[in-house]
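Single-structure report; data block below.
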């Protein structure tokens with residue numbers, strides 16, 4: 001017989017009340033866990049969506065010229081002291097201390113060449129990196145495999161008659177519209193090869209209309225374009241996608257600047273800030289709702305414990321009369337509270353995980369998942385215990401201060 | 001020197017919101033020797049329960065001292081007084097106040113819960129006391145599985161578990177029928193015969209007559225009463241004791 005024996009026996013005796021308390025704490029913790037898990041998953045998803053928007057760091061050659069463009073219309077400018085980027089610079093980006101936080105490093109060489117006799121903007125790219133960076137591209141055909149494979153932008157493909165719309169599609173009815181947006185399944189590739197410069201290349205695929213500059217470009221292997229333009233080893237731009245979950249973009253930019261002092265390195269702050277703001281709002285919302293629900297749970301524990309103390313006045317009086325110290329009364333009641341709170345925490349964690357798994361499809365795209373984090377389980381149980389203990393302090397101290405002579409006389 | 005010395009104890013309760021105190025005990029002095037069985041009688045409202053709770057180290061007197069085994073009880077701190085109760089006192093309540101969620105042996109072990117004894121020793125002591133009151137075979141029964149008399153005996157067993165020098169009983173037969181009341185009295189008299197000091201509050205003159213000495217309380221003051229009551233010897237002679 002120990003004080004804990006009395007606590008356990010009391011819990012067994014008051015199963016209904018214990019169940020009620022466990023449920024109350026469980027609901028509070030479950031709500032908090034569900035919201036935190038959901039916001040965590042939404043954070044991951046927003047992060048990955050933002051990453052999918054493409055590069056968030058752009059490395060360009062250092063130039064003293066001012067950009068001469070307005071509203072998307074470019075006017076040729078004059079450049080001074082322009083330093084070219086090279087393949088070594090792309091390798092340099094991959095050497096920075098935060099290199100593990102870089103998801104894609106996509107070097108490019110831009111130039112103009114004749115494509116089937118038409119002057120066209122060509123981009124030499126590393127297709128493996130480029131296709132990871134431009135996840136929104138919808139390819140008809142396949143990804144380039146050999147060195148001579150190319151991808152054509154939608155407008156270029158139309159210009160060189162490499163595609164034709166499926167009969168009866170809107171694309172067929174409105175071929176002349178420059179702003180027409182064609183879904184990839186609305187056209188098919190009708191040509192196998194195209195001449196770029198003086199060399200024949202195989203058309204691996206055509207990029208569905210994006211409404212962006214890609215529509216008017218041809219994409220070929222970087223080394224091929226470097227040969228074609230007579231600029232071996234040179235690059236025009238390096239696009240970098242940093243893994244943006246808690247990414248210190250500014251630090252990455254600083255490290256790249258240090259590695260490539262002759263280059264302009266700029267972060268696309270807008271997307272980073274928008275993402276951070278969205279995530280922060282979600283987190284704040286989750287925290288506030290969780291705090292409110294937990295406060296309600298704490299209030300419930302408080303009122304239940306207060307009524308339990310009144311209900312057990314006689315019992316506490318008897319225990320005090322037979323020699324239990326105040327601290328023994330506190331210890332016995334606190335053992336009950338801790339057991340109930342821990343059980344509430346475990347139940348709440350499990351219920352919260354289940355609820356968030358069930359609710360996740362309604363909030364996110366398919367593929368998002370709730371992570372089974374041990375830290376969240378530990379946190380849930382710790383907060384449940386803290387809530388239970390804090391809200392029971394007053395009732396328990398009040399119980400311990402019951403005058404035993406009054407308590408015994410009370411009956 | 002008396003084992004228990006009640007020295008000029010007065011107790012005044014202050015009604016809430018009123019400055020005027022209500023005196024319940026007035027300058028009460030008494031002594032109880034070791035091994036004595038003393039009964040306290042008196043009409044309702046005479047201060048019997050107050051004197052019992054003061055003797056039980058639970059109710060601080062307004063004036064006076066309580067000395068048990070040479071210890072000035074109310075000079076101790078609240079926590080030390082709790083320890084004193086655990087070590088020196090055994091309580092038998094009018095309605096037994098058994099814990100309904102503990103079985104018989106667990107109820108008996110309750111006063112031992114806070115003592116630094118091994119579990120096996122606590123169990124041994126509890127079984128020994130249950131044996132004394134004739135409930136050893138029913139150690140695993142829950143209180144509601146025992147008769148009224150057995151519950152009373154179990155309450156006495158609990159009061160004896162910590163081997164207290166002084167047992168305080170508050171009308172232990174007050175709510176029981178005559179047969180069950182006699183059963184409880186028999187246990188108390190057996191204990192008294194073995195040298196246990198007992199102080200019992202009762203309304204029942206027949207039970208009081210079985211004590212070594214009766215104190216009579218009226219309007220908070222002790223009245224002189226005959227020391228030894230003949231009935232006890234008669235009770236013992238009749239073979240009931």
Only one of B:108, B:167 is under 16 Å from the mean Cα position of the chain (by Cα), within 11 Å of another protein chain (Cβ to nearest Cβ) and at pLDDT 90 or above, namely B:108
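A quick yes/no check of all residues on (1) more than 9 Å from every other protein chain (Cβ to nearest Cβ); (2) free of Cβ contacts under 8 Å to residues at least 60 places away in the same chain; (3) in contact with a helix residue (DSSP H, G or I) (Cβ under 9 Å, 6 or more places away or on another chain):
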{"site": "B:27", "(1), (2), (3)": "yes, no, no"}
{"site": "B:51", "(1), (2), (3)": "yes, no, no"}
{"site": "B:87", "(1), (2), (3)": "no, no, no"}
{"site": "B:99", "(1), (2), (3)": "no, yes, yes"}
Only one of A:39, A:79, A:63, A:48 is surrounded by 14 or more Cβ atoms within 10 Å (Cβ to Cβ) and either part of a loop (DSSP other than H, G, I, E, B) or modelled with pLDDT of 85 or more (or both), namely A:63
Log entry, pairs with first residue in segment A:245-261 being at negative phi and part of a loop (DSSP other than H, G, I, E, B), second being at pLDDT 90 or above and crowded, with 21+ Cβ neighbours inside 10 Å, beta carbons closer than 6 Å, six or more apart or on different chains, reads A:260/A:89
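Yes/no matrix, rows are residues, columns are (1) more than 19 Å from residue B:198 (Cα to Cα); (2) within 14 Å of chain A (Cβ to nearest Cβ); (3) touching a helix residue (DSSP H, G or I) at 6+ places or on another chain (Cβ under 9 Å); (4) touching a residue at least 12 places away in the same chain (Cβ under 8 Å):
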{"position": "B:33", "(1), (2), (3), (4)": "no, no, no, yes"}
{"position": "B:37", "(1), (2), (3), (4)": "no, no, yes, yes"}
{"position": "B:57", "(1), (2), (3), (4)": "no, yes, yes, yes"}
{"position": "B:61", "(1), (2), (3), (4)": "yes, yes, yes, yes"}
Inside segment B:118-132, the number of residues satisfying the requirement of being modelled with pLDDT of 85 or more and in contact with a helix residue (DSSP H, G or I) (Cβ under 8 Å, 6 or more places away or on another chain) is 7
Does residue A:155 satisfy the criteria of being touching a residue at least 24 places away in the same chain (Cβ under 8 Å) and closer than 15 Å to residue A:199 by Cβ? no
Can we say residue A:34 is closer than 18 Å to residue A:345 by Cβ, more than 28 Å from the chain's Cα centre (by Cα) and either at pLDDT 85 or above or in the same structural domain as residue A:129 (by TED's automatic domain parsing) (or both)? no
**Prompt:** So is residue B:43 surrounded by fewer than 16 Cβ atoms within 10 Å (Cβ to Cβ) and at the interface with another protein chain (Cβ under 9 Å from one of its Cβ atoms) or not?
**Reply:** no
- Task: Inspect segment B:80-96 for any residue being out of contact with any strand residue (DSSP E or B) (no Cβ under 8 Å at 6 or more places or on another chain), within 30 Å of residue A:1 (Cα to Cα), surrounded by 21 or more Cβ atoms within 10 Å (Cβ to Cβ) and modelled with pLDDT under 90 and give the result as yes or no.
- Result: yes
Counting only helices (runs of 4 or more DSSP H) wholly inside segment A:304-409, the ones holding at least 3 residues that are surrounded by fewer than 16 Cβ atoms within 10 Å (Cβ to Cβ) are A:326-363, A:374-400
Note on segment B:104-126: residues assigned to a loop (DSSP other than H, G, I, E, B) and either surrounded by fewer than 19 Cβ atoms within 10 Å (Cβ to Cβ) or touching a strand residue (DSSP E or B) at 6+ places or on another chain (Cβ under 6 Å) (or both) are B:115, B:116, B:117, B:118
Just one listed residue, out of A:368, A:308, is more than 17 Å from residue A:20 (Cβ to Cβ), in contact with a helix residue (DSSP H, G or I) (Cβ under 9 Å, 6 or more places away or on another chain) and modelled with pLDDT under 90, and it is A:368
- [ ] Determine if segment A:139-151 includes at least one residue that is part of a strand (DSSP E or B), under 30 Å from the mean Cα position of the chain (by Cα) and surrounded by fewer than 22 Cβ atoms within 10 Å (Cβ to Cβ).
- [x] yes
Next item on the list: Report yes if some residue within segment B:127-146 is assigned to a helix (DSSP H, G or I), surrounded by 16 or more Cβ atoms within 10 Å (Cβ to Cβ), within 11 Å of chain A (Cβ to nearest Cβ) and in contact (Cβ under 8 Å) with a residue 12 or more places away in the chain; otherwise report no.
Entry: no
In segment A:1-35, residues that are facing chain B (nearest Cβ under 8 Å) and in a helix (DSSP H, G or I) total 7
Residue check, residue B:23 within 14 Å of chain A (Cβ to nearest Cβ), more than 18 Å from the chain's Cα centre (by Cα) and either touching a residue at least 40 places away in the same chain (Cβ under 8 Å) or not in a strand (DSSP E or B) (or both): no
Inset, instruction - Report whether or not residue B:159 is assigned to a helix (DSSP H, G or I), out of contact with any strand residue (DSSP E or B) (no Cβ under 9 Å at 6 or more places or on another chain) and surrounded by 21 or more Cβ atoms within 10 Å (Cβ to Cβ). - result: no
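The values are calculated or read from the model by the stated rules, or taken from the named source; none is laboratory data. Just so it is clear, the model here is predicted, and its values are computed rather than measured. No Cβ is skipped: glycine too gets one built from the backbone with ideal geometry, and neighbour counts run over all protein chains shown.
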